[in-house]
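A short reminder: the numbers here are calculations on the coordinates, not readings from a lab. Everything quoted here is computed from the prediction, not taken from an experiment. Using ideal geometry, Cβ is built from the backbone for each residue, glycine included, and neighbour counts are taken over all protein chains shown.
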């Protein structure tokens with residue numbers, strides 16, 4: 001037991017988020033990052049990398065459902081999907097719920113993150129590594145994107161924030177390579193932080209999207225772990241119609257997919273693109289900087 005121990009996250013200047021720790025379950029300094037997994041009475045198991053909260057067992061379903069089902073259902077015919085990052089494999093589990101997905105490639109830079117996730121996050125990633133459609137590639141996502149000959153209908157970047165190893169995944173060069181990897185009309189979705197506290201991150205990503213894709217946007221989800229209000233998920237594609245799918249179309253596709261969710265619904269999907277004014281202003285600023 002670790003009675004009285006507290007883990008502090010200091011990601012945003014002037015703000016500190018503290019989690020009480022019931023027990024440290026796993027701790028390791030890897031080649032790429034400092035990793036700690038501990039239990040909390042509210043959020044369950046909490047994974048931190050370099051002192052920044054990545055995922056909790058209590059609310060991971062929100063993040064993973066919205067990152068996966070929105071682009072796949074919006075696309076309507078996604079057979080090949082790429083995940084960059086996502087070492088806990090929770091996102092992969094959601095992608096593989098779509099029987100229409102024939103191949104899922106996941107590129108993760110740190111093998112140790114996947115290894116420990118097999119043991120500690122089996123409650124939400126069970127069966128992923130055994131699925132014949134799943135291919136795990138331990139490699140640098142930037143290098144993979146620059147060199148691969150594979151093409152994907154959906155590319156999902158489940159990255160850390162733009163610091164350390166994750167910084168290159170927010171670069172224009174990476175987004176250009178993501179565009180190259182996509183099939184015509186394919187969709188790129190990215191983790192783009194909490195705009196109330198990380199506005200510049202969203203503006204910069206949308207600006208870079210706009211130089212490359214015909215449609216640069218974002219959608220939102222409310223994820224308790226990520227302090228500061230709405231979280232934005234970046235959206236980029238050359239088919240602007242995919243962002244404006246009618247609810248009856250989404251309902252038909254979701255029904256055909258045949259699985260249950262805890263956060264995602266077709267109505268939530270459509271509404272997620274209706275941005276509060278301060279977030280819309282940030283998106284519009286990014287678009288107009290091009």
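Points to keep in mind about this one:
- Computed label-point distance, nm, for sites residue 34 and residue 12 using a 7 Å Cα→Cβ extension: 2.2 nm
- Cβ-Cβ FRET estimate between residue 42 and residue 238, R0 fixed at 41 Å, reported to 0.05: 0.45
- Degrees between helix 172-181 axis and first principal axis of the chain (Cα, 0 to 90, nearest 10): 60 degrees
- Principal-axis tilt of helix 277-288 within the chain, Cα atoms, nearest 10 degrees: 60 degrees
- A crude spin-label estimate for the pair residue 163 and residue 249, with each label 7 Å from Cα along the Cβ direction, gives 4.0 nm.
- Relative contact order of the range 1-148, defined on C-alpha pairs under 8 angstrom at six or more residues apart (%): 15 percent
- Here is how the number arises for the chain: DSSP H runs of 4 or more residues each give -39500 (n - 2.57), the sum is divided by the residue count, and the result at 222 nm is -9500 deg cm²/dmol.
- The ratio of the alpha-carbon radius of gyration of the range 6-56 to the globular-protein estimate 2.2 N^0.38 Å is 1.09.
- The slack in the chain from residue 285 to residue 139, taken as 0.36 nm per residue of separation less the alpha-carbon distance, amounts to 49.2 nm.
- Relative contact order %, the chain, counting alpha carbon pairs below 8 Å whose residues are six or more apart: 15 percent
- Residues 25, 49, 188, arranged from fewest to most other Cβ atoms within 10 angstrom of their Cβ, appear as 25, 49, 188.
- Considering only 34, 153, 161, the mean-square fluctuation computed in a Gaussian network model of the chain, springs between alpha carbons under 10 angstrom, is largest for 34.
- Between helix 60-75 and the chain: long-axis angle, C-alpha atoms, 0 to 90°, nearest 10: 10 degrees
- Residue exposure sequence - 159, 20, 39 - by fewest surrounding Cβ within 10 Å: 20, 39, 159
- Gaussian network model of the chain, springs between alpha carbon atoms under 10 Å - residue of 55, 249, 189 with greatest fluctuation: 249
- Likely footprinting exposure, 150, 120, 230, fewest C-beta neighbours within 10 Å first: 150, 120, 230
- Centroid-to-centroid, using Cα positions, the range 121-158 and the range 1-37 are 27 Å apart.
- For residue 173 and residue 24, the difference between the fully extended length at 0.36 nm per residue and the C-alpha to C-alpha distance is 49.8 nm.
- In plain terms, if you count all Cα to Cα distances in the chain and split them into 5 Å steps from zero, the share in each step is 1, 6, 13, 17, 20, 18, 14, 8, 3, 1, 0 percent.
- In nm, spacing of pseudo-spin labels at residue 222 and residue 180 (7 Å Cα→C-beta vector): 4.2 nm
- Gyration tensor verdict on the range 152-270 (Cα atoms; rounded if a/c is under 1.5, prolate if a/b is larger than b/c, oblate otherwise): oblate
- Residue among 267, 59, 215 with the largest mean-square fluctuation in a Gaussian network model of the chain, springs linking Cα atoms under 10 Å: 267
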